[in-house]
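Note sheet for the following structure.
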Amino acid sequence: SAEEVIVGLVTKTEVNPFFVKMRQAAEEAAKAKGVKLIARAGKFDGDNEGQVTAIEDLISAGAKGILVTPNNSTGMLGVIKKARDAGVLVIALDTATEPADAVDATFATDNFEAGVEQGAYARKALGDKKPVLAMLDGTPGGTVDTFRHNGYLKGFGLAEGDPAIAGSAITNGAQDKGQVGMENLLSKNGEINAVYTINEPAAAGAYAALKSFGKEADVMLTSIDGGCAGVRDVKAGKIAATVMQFPYKMAAMGVDAVVDYATNGKKPSGFVNTGSFLITDKPVEGIDSKNTEWGLKNCWGD
Amino acid sequence: MNSASALSFGRMSKIAARFVGTPSVGPLLVLLAFGLIFSLTNPRFLATQNLSIILQQTVIIGTLAIGQTLIILTAGIDLAVGAICVLGTILAGKLANSGYDPIAAMGLAVLACSAAGVAAGSLISGLRLPPFIVTLGILGIITAALRLISAGGAFPVTDEFLGWTGNTVRLNGFIVTYGVIIMLLLYGMVWFLLNQTQWGRHVYAVGNNPEAARLVGIPVGRLLLSVYVLAAFIYGIAAWLALGRIPNADPNALQTANLDSITAVVIGGTSLFGGRGGLIGTLIGALIVGVLRNGLTLAGIDPLWQDLVTGILVIVAVALDQLTRGRR
Amino acid sequence: MNSASALSFGRMSKIAARFVGTPSVGPLLVLLAFGLIFSLTNPRFLATQNLSIILQQTVIIGTLAIGQTLIILTAGIDLAVGAICVLGTILAGKLANSGYDPIAAMGLAVLACSAAGVAAGSLISGLRLPPFIVTLGILGIITAALRLISAGGAFPVTDEFLGWTGNTVRLNGFIVTYGVIIMLLLYGMVWFLLNQTQWGRHVYAVGNNPEAARLVGIPVGRLLLSVYVLAAFIYGIAAWLALGRIPNADPNALQTANLDSITAVVIGGTSLFGGRGGLIGTLIGALIVGVLRNGLTLAGIDPLWQDLVTGILVIVAVALDQLTRGRR
Amino acid sequence: MTPVEPREPVATAPVGVVLEARNVIKRYGHITALDGVDFELRSGEILAVVGDNGAGKSSLIKALTGAIVPDNGDILLDGQPVHFKGPLDARKLGIETVYQDLAVAAALDIASNLFLGRERRRPGFLGNVLRMLDKKGMRAEAERSMAELKFRLPSIGSAVEALSGGQRQGVAVARAALFAKKLAIMDEPTAALGVRETGQVLDLIQAIRQRGLPVVLISHNMPNVFEIADRIHIMRLGKRAAVVSPKTHTMADVVAIMTGAAKFEEPAASASR
Amino acid sequence: MTPVEPREPVATAPVGVVLEARNVIKRYGHITALDGVDFELRSGEILAVVGDNGAGKSSLIKALTGAIVPDNGDILLDGQPVHFKGPLDARKLGIETVYQDLAVAAALDIASNLFLGRERRRPGFLGNVLRMLDKKGMRAEAERSMAELKFRLPSIGSAVEALSGGQRQGVAVARAALFAKKLAIMDEPTAALGVRETGQVLDLIQAIRQRGLPVVLISHNMPNVFEIADRIHIMRLGKRAAVVSPKTHTMADVVAIMTGAAKFEEPAASASR
Ligand SMILES: Nc1ncnc2c1ncn2[C@@H]1O[C@H](COP(=O)(O)OP(=O)(O)OP(=O)(O)O)[C@@H](O)[C@H]1O
Ligand SMILES: Nc1ncnc2c1ncn2[C@@H]1O[C@H](COP(=O)(O)OP(=O)(O)OP(=O)(O)O)[C@@H](O)[C@H]1O
Ligand SMILES: [Mg+2]
Ligand SMILES: [Mg+2]
């Protein structure tokens, strides 16, 4: 009988709920298809070495296909080539490689576009108020971080370094650091009326800080991710809007593709945008959005 | 001759010696110096609201650093400090969310934290394994266990009792949370233990010279065990304070807590080789870190530059401390 | 009497003493035990290709751990090890990408790394600041500086010379990269320095008893400086090896390198209090970590459980080492 | 040719033997530090233990006080076998020891070191419930007992690491003297002491004996040994070579046995029986 | 009432003075360890330094060898002022010292400790270019010089922490003897030594003198001091109380000066001039 089909999944970290959801979705898909999933991850945002090591181990373990969310778009190229040379199907999830054809296929969201959506909404919703913006970044230099940050500024209509940017803080996407960063920025400038956040945990931290300053009603707090906790925060009015992504879609499609390859030898190709949607209960004109009811049905996490 | 020359030096030198000899004066001066500089760059720094915020931001690391201080005084080190605290938040949250009485939930969580301390302490005192490795191992075990328990990741903890430590109270116009008060109470209590009881003496003795401690009949193993358990108990309390600050149980929180708490301890003047230092220094050390972060933001320094400046100022802080103590 | 009884014990005990007394035998036995277990759970583990991969995976941390060993032997600690190495990759990449001769680019990068070592070493030996704080500060400074330099984040480094260490060569059917060979050469050279030269003796003496070292006339400050500079130089070489493994310069890379390299050193049997241990143990320690990670994956263990099992096995490894050395 | 006590182990403890050891063996790797040593301390006596460097004196007393666990042999206190798992066990039975390497915590002050492991608590609620230290009381007591030794000290609050070699030794000796309940063992307590201070410590040892407690004194200083010892236990190569009385033997005799220059097999009438 | 040497500092170094110190002051916080002490070591002599515990003997020799930097005072070697910034400076000029706390690296073996800071390299390429240690040679030399002291040692490869107190002291003494080029200073080198070993060390000191080097010997053992010293420098309360000759003064005289029982202001004819 044929050897058990092994699907490898290499996420950026095990820390981020986004990747936790991705792994769970992959596990479910693997179970449904009767294949074995071995998941690995880097230890932190930027752990290229950890991801390379994981892919090498998965090649050694005899994986048929490897799904990887590369930490940055070029870091993984060598080992990906090694895997493909060894006949392993490699699919990039969530983040594209550079060049994009270094992998067989890419199932991802356009993070820059997601940032643009967030920024455009925030600017519109702010109305004619003069914007005073605080930015709660993730880990500076990370690919996703850069795309979302730059996208937001573009959507918001500000250039990097514009005086309307009152300040920024590094949150590593963590709630506690989001809270500390927001508190200190509010201490510095009480006029802040728009807040960019890298993800929903950072937004939750920011909300707590805003609340303790009594400013939660006056500030346009937006985010990206689409975790259920985040959507609930939108519903509760804590976050004005978030941009939802679909990690489970990426993972499930990835597992299916590997199984397909193992049974039929068929390889997927190209970039498949798994899409993103702005979720808000306070839509503004000219910007497509879905309400939280839809959001709660399609969110990830629990 | 010695007493004669001491007298000839006069009261002055005695007072100076008393202060310069106290290990926490150096850090205190550094803290005041930073405070002064920041209040000049931005007057908002000294606003009571801002000071109160700095205190609140210090609550979690400040409390964890109490336990870390105890362990470092015994020449140990604790890399599991954040993991044990997170264990507390997750357990308390899970239990409360699944219908347990919140007080019982918190109690059980603190108990579980203490149990982690029992495990660490037993391995270190019983098998004489290096604390670095034992706590690193426990860090891995707890982190993994937490991810297994809380499969889906973080979840909100809305119970009122569990979040109570985040409520504010006004003291003389100064707004603080109950969490701040509890942290300060813990500092007071552990300070008392360290400085006024036999147990505290023995902590210093074991850290300074474990063989001498053994020879004079101090039960070194039992003492180490008690230190790790007390520290872990405090991490459990810190879990309650953490839920007050962030009503959310996240298995991935506090990843840098080990480095942060050790930093507070070392800036506070406690030696990583054990037996020298104290708790007041740690509180000041934690505040120095908080003041730096807050003050640099208020001074409008870009976060990328903040790390740079913080790196330099941390070194400067310890160098100043060294200087105030005088040479060898 | 002593020599008499030594003789009566016979050659046997001498040989035993030689081996049990050598600090790296414990870790070696642990490594072999883990290897045996993993080869039973999955025959692929022993495939030469897999073994060669484990070696390659050990290259970066294994090389960084050489410098970390030197520093820990002097009773220091280096938290900036990863940051300095990343500094090397970013500088070499930036310079090469902007048209510098790649050899000059790499040379300058190694020089810059060494300069970071000069900074750390000077503060530690000159101002007698604790290594923990100095290297923590330098970690912050370099991390921030790197983010400022490489504003856009990570970038690919495609130069052939910079990536050369990733090329493979077949030795007796065993495929290794030049990086592995360079790492092993570095181990050999530094082993020689530590065990066969005056400088190495002084490293041990300074770590074991700095005051005695000073009194017998060892230039302690200069020695510490040389250790930090040599270590940083090695981190610079590690940067070259890292570019061979991943042709990409990323300011956020290697964040856990400090903990990982210290872990390799401690598992290898070197004491964090300085003066005891050795380099061979460190290599074995680094391999133990690599074997654990690889072996658990090959055994198909869920990554959540892997952390748990790794946590336990790290403790077990050190406990076994302790046992093979016998009690006090 | 010096007449000495026979070395056969006695079957039952003779009357008045406080601490006894039989056939104690201790090996360190391939070094045999104690090679079947016997030992006998009688009530109310000052027993000197002498021997060359490396003869095993310190190892012997460490075995007697639980600081090391011997590989073999029995230890009896008041004729009852005891098994010390650590120094704490011996201390609980009232045995106080000055170890050769002093066992002080250098970073702590003199008073803390004097009371290390034997701290006093405040009376009443503060002490019983809060377990608060009686710092003042301990400090006063420390002042008193260091003054008794006539040591010049910088201040009772100085860290021990700031003391001269002899001052440090004084702290360790004062500690043992202060707390001995059953017997005191002193491993070279006067090695670093000046003439005057040595005299004080010898007086102190005699004062302890006056309290009815026997004392074991390890010393290389033969005049001192002959001045105050009742019996002299001579170690050689990890064994008890002889036990002699200072009344019947000269310093030269003792040195001769110690260094192996004199034989000592003959079961001559023991001077100390 | 003992006649003693006058204490005024001499303007120029008398002929044959190797090491001299004038008005050296050292304070530790509010403790004055050295209170304006003078010191004079003549060529080829054995100078004993005696004094109560805490009198400042160790502080004095530390100041002379660069181990501490005095707050005030001049140090002259062969009449030339020297400023030692650390022990290395003194060692480079051929001054070897046995410190009271021995200055050994306990985890290293005996041979490594003997040659600590003075390691020998292999001849030729290996030594000059690769700077390889001559481990065998050092080990053999260590064996030889420890054997000369007639110490019984477990093995030259044992770690120093596995040695008895006296054996450890032997290592430190052998080191100083082996490397002294200009003069040797020994702070209580026989404190932990047995009778036989003490004799060996005294012989060794005399052998060093035979090599033409002066020796400073700090000791509390008056018989030893009177046996080998040419002159005796008496410390009291951080000052030089007197310098006397063992030929003209008795032990009782010396102890009396040391403890302050005897006065010594009168500028009587110095015995040692
Ligand atoms: N590092 C130090 N810090 C503070 N005080 C010190 C220090 N070293 C020595 N002292 C003090 O200086 C005085 C002289 O000490 P020193 O060691 O020179 O005496 P000594 O004559 O060598 O005594 P001993 O015979 O006991 O060795 C003592 O009172 C001692 O307490
Ligand atoms: N921890 C140890 N490890 C190995 N060998 C040891 C250890 N302790 C003592 N020894 C050896 O045991 C022997 C006896 O040592 P011990 O300290 O009992 O001698 P001692 O009679 O007290 O000598 P001294 O008069 O020099 O203090 C010595 O040869 C010594 O090297
Ligand atoms: Mg001894
Ligand atoms: Mg002295």
Number of positions in the stretch D:223-238 that are within 16 Å of ligand 3 (Cβ to nearest atom) and more than 17 Å from D:Ala184 (Cβ to Cβ): 5
Filtered residue count, the stretch B:191-232, keeping only those that are of a type in the set (Phe, Trp, Tyr) and either more than 11 Å from chain D (Cβ to nearest Cβ) or in contact with a strand residue (DSSP E or B) (Cβ under 7 Å, 6 or more places away or on another chain) (or both): 2
Only listed residue being assigned to a helix (DSSP H, G or I), more than 21 Å from C:Arg222 (Cα to Cα) and either touching a helix residue (DSSP H, G or I) at 6+ places or on another chain (Cβ under 8 Å) or in contact (Cβ under 8 Å) with a residue 24 or more places away in the chain (or both), chosen from C:Leu111, C:Leu123, C:Leu139: C:Leu139
Residue ranges of helices (runs of 4 or more DSSP H) in the stretch D:177-270 with at least 2 members without any contact (Cβ under 8 Å) to a residue 12 or more places away in the chain and either away from chain C (no Cβ under 14 Å) or out of contact with any His (no Cβ under 6 Å at 6 or more places or on another chain) (or both): D:195-210
Verdict on C:Leu29 being in a helix (DSSP H, G or I) and modelled with pLDDT of 90 or more: no
Residue within the stretch A:97-111 that is closer than 30 Å to A:Pro283 by Cα, out of contact with any Leu (no Cβ under 7 Å at 6 or more places or on another chain) and away from chain C (no Cβ under 14 Å) present: yes
Selection count where residues are part of a helix (DSSP H, G or I) and more than 18 Å from the chain's Cα centre (by Cα), scope the stretch A:258-302: 11
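Here's the yes/no breakdown for (1) farther than 30 Å from C:Gly277 by Cα; (2) more than 16 Å from ligand 3 (Cβ to nearest atom); (3) more than 8 Å from every other protein chain (Cβ to nearest Cβ); (4) of a type in the set (A, V, I, L, M, F, W, C):
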site: E:Lys26; (1), (2), (3), (4): yes, yes, yes, no
site: E:Glu45; (1), (2), (3), (4): yes, yes, yes, no
site: E:Val49; (1), (2), (3), (4): yes, yes, yes, yes
site: E:Thr65; (1), (2), (3), (4): yes, yes, yes, no
site: E:Asp74; (1), (2), (3), (4): yes, yes, yes, no
site: E:Gln80; (1), (2), (3), (4): yes, yes, yes, no
site: E:Leu88; (1), (2), (3), (4): no, yes, no, yes
site: E:Leu102; (1), (2), (3), (4): no, no, no, yes
Candidates E:Val171, E:Val225, E:Val216, filtered to the one that is among the β-branched types (Val, Ile, Thr), at pLDDT 90 or above and within 16 Å of ligand 2 (Cβ to nearest atom): E:Val171
Checklist (1) out of contact with any helix residue (DSSP H, G or I) (no Cβ under 7 Å at 6 or more places or on another chain); (2) over 23 Å from A:Gly75 (Cα atoms); (3) among the aliphatic types (A, V, I, L, M) applied to C:Ala151, failing item: (2)
Scan of the stretch A:160-178 for residues that are closer than 25 Å to A:Pro17 by Cβ and either in contact with a Lys or Arg (Cβ under 7 Å, 6 or more places away or on another chain) or not polar (S, T, N, Q) (or both), ordered by number: A:Ala169, A:Ile170, A:Thr171, A:Gly173, A:Ala174, A:Asp176, A:Lys177, A:Gly178
Residue list for the stretch D:116-153, restricted to those being on the phi > 0 side of the Ramachandran plot, out of contact with any strand residue (DSSP E or B) (no Cβ under 6 Å at 6 or more places or on another chain) and away from chain E (no Cβ under 14 Å): D:Gly117, D:Gly124
Yes/no for C:Arg128 being within 30 Å of B:Gly285 (Cα to Cα) and not in a helix (DSSP H, G or I): yes
Residue match in the stretch E:152-174 (condition: within 16 Å of ligand 1 (Cβ to nearest atom) and touching a residue at least 60 places away in the same chain (Cβ under 8 Å)): yes
Breaking point among (1) closer than 23 Å to E:Met222 by Cβ; (2) of a type outside the set (S, T, N, Q); (3) away from ligand 4 (no atom under 16 Å from the Cβ), for D:Phe179: (1)
Positions within the stretch E:154-166 being within 14 Å of ligand 3 (Cβ to nearest atom), in a loop (DSSP other than H, G, I, E, B) and more than 7 Å from chain D (Cβ to nearest Cβ), in sequence order: E:Leu163
Scope the stretch A:114-161; condition within 14 Å of chain C (Cβ to nearest Cβ) and more than 12 Å from A:Thr197 (Cβ to Cβ); matching residues: A:Thr139, A:Pro140, A:Gly141, A:Gly142, A:Thr143, A:Val144, A:Thr146, A:Phe147, A:Asn150, A:Glu160, A:Gly161
Residue identified as in contact with an Asp or Glu (Cβ under 7 Å, 6 or more places away or on another chain) and hydrophobic (A, V, I, L, M, F, W, C) among B:Ile77, B:Ile138, B:Ile71: B:Ile71
Candidate set from the stretch C:271-291 (those that are within 12 Å of chain E (Cβ to nearest Cβ) and not hydrophobic (A, V, I, L, M, F, W, C)); member that is farthest from C:Val314 (Cα to Cα): C:Gly275
Which numbered condition D:Arg231 fails, given (1) closer than 15 Å to D:Ala48 by Cβ; (2) within 14 Å of ligand 2 (Cβ to nearest atom): (2)
Selection count where residues are closer than 23 Å to B:Trp199 by Cα and either of a type outside the set (Val, Ile, Thr) or loosely packed, with under 15 Cβ neighbours inside 10 Å (or both), scope the stretch D:144-169: 4
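The values are calculated or read from the model by the stated rules, or taken from the named source; none is laboratory data. Model, not experiment: these values are computed from the prediction. Here the Cβ is made from the backbone with ideal geometry for all residues, glycine too, and neighbour counts use every protein chain on show.
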